[in-house]
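Some notes on the structure that comes next.
The values are calculated or read from the model by the stated rules, or taken from the named source; none is laboratory data. Note that this is a predicted model, so its numbers are computed, not measured. Counting neighbours? That spans all protein chains shown, and the Cβs are built from the backbone with ideal geometry, glycine included.
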């Protein structure tokens, strides 16, 4: 939820960088000269909500026209700072020609706005006429804007991460003037697959640092105030069990951390906060945006698109997925992510050819753009691909990549008998880092998903299987699901799978990528939830169980000469908290004595043939 921008700055220096992150429309700077006359006039107001709380709102009105203009609105919990008309002109250079009225707003309880802040405030009880939520605050703001600006009666809302979540909330009970939303990397379910948990496993470093940052004060508080190790891996390891977090640092004063502790399972609290119960109709044309290597919210935009698509009778719900990290569509140059080159400025293409025409059509009455139902950037071949549906239904064959003997990986199934397996020892006192150490607090977070995985390949607690060099391209388009048949000597366990593109050792296109191991899918599953997310159960020790670990979407090409690799491990620290590997009812209350080593076995033959289910495109 715009975590990277905050990791880069201290609380005293949040300022403009946070403003840029909140605006999320950052275009290449320099298009509008810094000394050019600003095409906007700025005004500020405290806008009253239905319960009397007032929200700090800034309006930028075009100065070079007297015509009524559409409103483009951005709401944020990160503070709108002291943005000037000149900065707006630079940040929104690609949208300046369309002359939108630009509106920024601090949400309830944040920075200069009044009221109480509630992290990801749940949708209100509609039977209570006095209840409020982010949807009502948006509605009331739009109502005020229509009366107090020179608008044409059409409003659009956009945002990234938390701002995208606010945009989706606006469509639950939309104001009639709301005509378009562009949620970019919105979370959809904080327990199943977004910022705070993945399949029941707690995202420790993110969850602690974001909670501390957002709830220590009305503004931003730097987690470096408490995390004093350069290597955060070492700091979190010294921290010990999760029960030490509140005891040492939070002292019961942080509502979101209290929610983590009090709701460890997928109960009514998390279900009500998720979008699944609420997105039961398409109320506003929606352009959902995701990035293949989004380190924070990749699950969310895919899930929101899927939920809306069930009700999209009028073709108003669209999906775009590019080769981006969290917010990468706003980079000036979207041609690379880390060392991976995509051959073109994918961010500029999205802004100019997809987002701008979408907004122009719905907010200004321009002709409808020729948008594909789903547009994805196919990595490997580095091309944009239009789909009639997502996931694709045509020219797709469901195949299985089997774990084989001698650490091989193959589309050929193993024999129907036998109990072959590969094993490793998982030690909670020496967990596998999620990226190469040292792991600084303020560096590397935005690109860790494209880090070279060779740092983990030869660890004894990571098991690797790999194909021979491919004789032809393999195109995977759709949802990838790992099917692990595994046993543990413990009574609880985490299972992490990573699907990796291994570059050739003689890779001539970029010698720096020779042998590079690029993760293109990876996720975690907490074993106690194998039968139910609502009711955790101990794992029967030394008994083979099936664990299915889904990855929301992929569209890539494993090129001829590359190899396909799979890695499996039982820790991913500290992005994922340590599993005690002994079943306790609530891991947030586990003690040091609950943490024990366990021997893990991954089975690969007979009825227990572990494999990755992959949708392979069959058409050329």
- Within the stretch 175-192, identify whether any single residue is surrounded by 24 or more Cβ atoms within 10 Å (Cβ to Cβ) and on the phi > 0 side of the Ramachandran plot, and answer yes or no. yes
- Task: Quickly run through the stretch 504-529 and pick out the residues that are assigned to a loop (DSSP other than H, G, I, E, B) and buried (at least 20 other Cβ atoms within 10 Å of the Cβ).
- Result: 516
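Report whether or not residue 265 is out of contact with any helix residue (DSSP H, G or I) (no Cβ under 6 Å at 6 or more places or on another chain) and either part of a loop (DSSP other than H, G, I, E, B) or assigned by TED's automatic domain parsing to the domain that holds residue 535 (or both). I'd like the intermediate steps shown before the answer.
On the way: out of contact with any helix residue (DSSP H, G or I) (no Cβ under 6 Å at 6 or more places or on another chain): yes; either part of a loop (DSSP other than H, G, I, E, B) or assigned by TED's automatic domain parsing to the domain that holds residue 535 (or both): yes.
Criteria met by residue 265.
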- From the list 552, 580, pick out the single residue that is in contact with a helix residue (DSSP H, G or I) (Cβ under 7 Å, 6 or more places away or on another chain), in a strand (DSSP E or B) and buried (at least 18 other Cβ atoms within 10 Å of the Cβ). 552
- Task: Would you check if residue 208 is without any contact (Cβ under 8 Å) to a residue 60 or more places away in the chain, buried (at least 21 other Cβ atoms within 10 Å of the Cβ) and in contact with a helix residue (DSSP H, G or I) (Cβ under 8 Å, 6 or more places away or on another chain)?
- Result: yes
- Note on the structure: Residues in the stretch 261-284 that are in contact with a strand residue (DSSP E or B) (Cβ under 6 Å, 6 or more places away or on another chain) and closer than 15 Å to residue 164 by Cβ total 1
- Message: Any residue at all in the stretch 453-474 that's under 24 Å from the mean Cα position of the chain (by Cα), in a strand (DSSP E or B), modelled with pLDDT of 95 or more and in the same structural domain as residue 405 (by TED's automatic domain parsing)?
- Response: no
- Query: How many residues are over 20 Å from residue 254 (Cβ atoms) and in a helix (DSSP H, G or I) if we restrict to the stretch 214-238?
  - Reply: 4
- Specify the residue that is modelled with the lowest pLDDT; the eligible residues are those in the stretch 326-344 that are closer than 20 Å to residue 287 by Cα and assigned to a loop (DSSP other than H, G, I, E, B). 331
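Condition check ((1) under 24 Å from residue 349 (Cα atoms); (2) at pLDDT 90 or above; (3) exposed (fewer than 14 other Cβ atoms within 10 Å of the Cβ)) across all residues:
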{"site": "24", "(1), (2), (3)": "yes, no, no"}
{"site": "29", "(1), (2), (3)": "yes, no, yes"}
{"site": "33", "(1), (2), (3)": "yes, no, yes"}
{"site": "49", "(1), (2), (3)": "no, yes, no"}
{"site": "52", "(1), (2), (3)": "no, yes, yes"}
{"site": "61", "(1), (2), (3)": "no, yes, no"}
- Looking at this structure, is residue 166 surrounded by fewer than 21 Cβ atoms within 10 Å (Cβ to Cβ) and either outside the structural domain of residue 50 (by TED's automatic domain parsing) or modelled with pLDDT of 95 or more (or both)? no
- Item | Residue under evaluation residue 110, criteria (1) buried (at least 17 other Cβ atoms within 10 Å of the Cβ); (2) in a loop (DSSP other than H, G, I, E, B); (3) in contact with a helix residue (DSSP H, G or I) (Cβ under 6 Å, 6 or more places away or on another chain), criterion not met | (3)
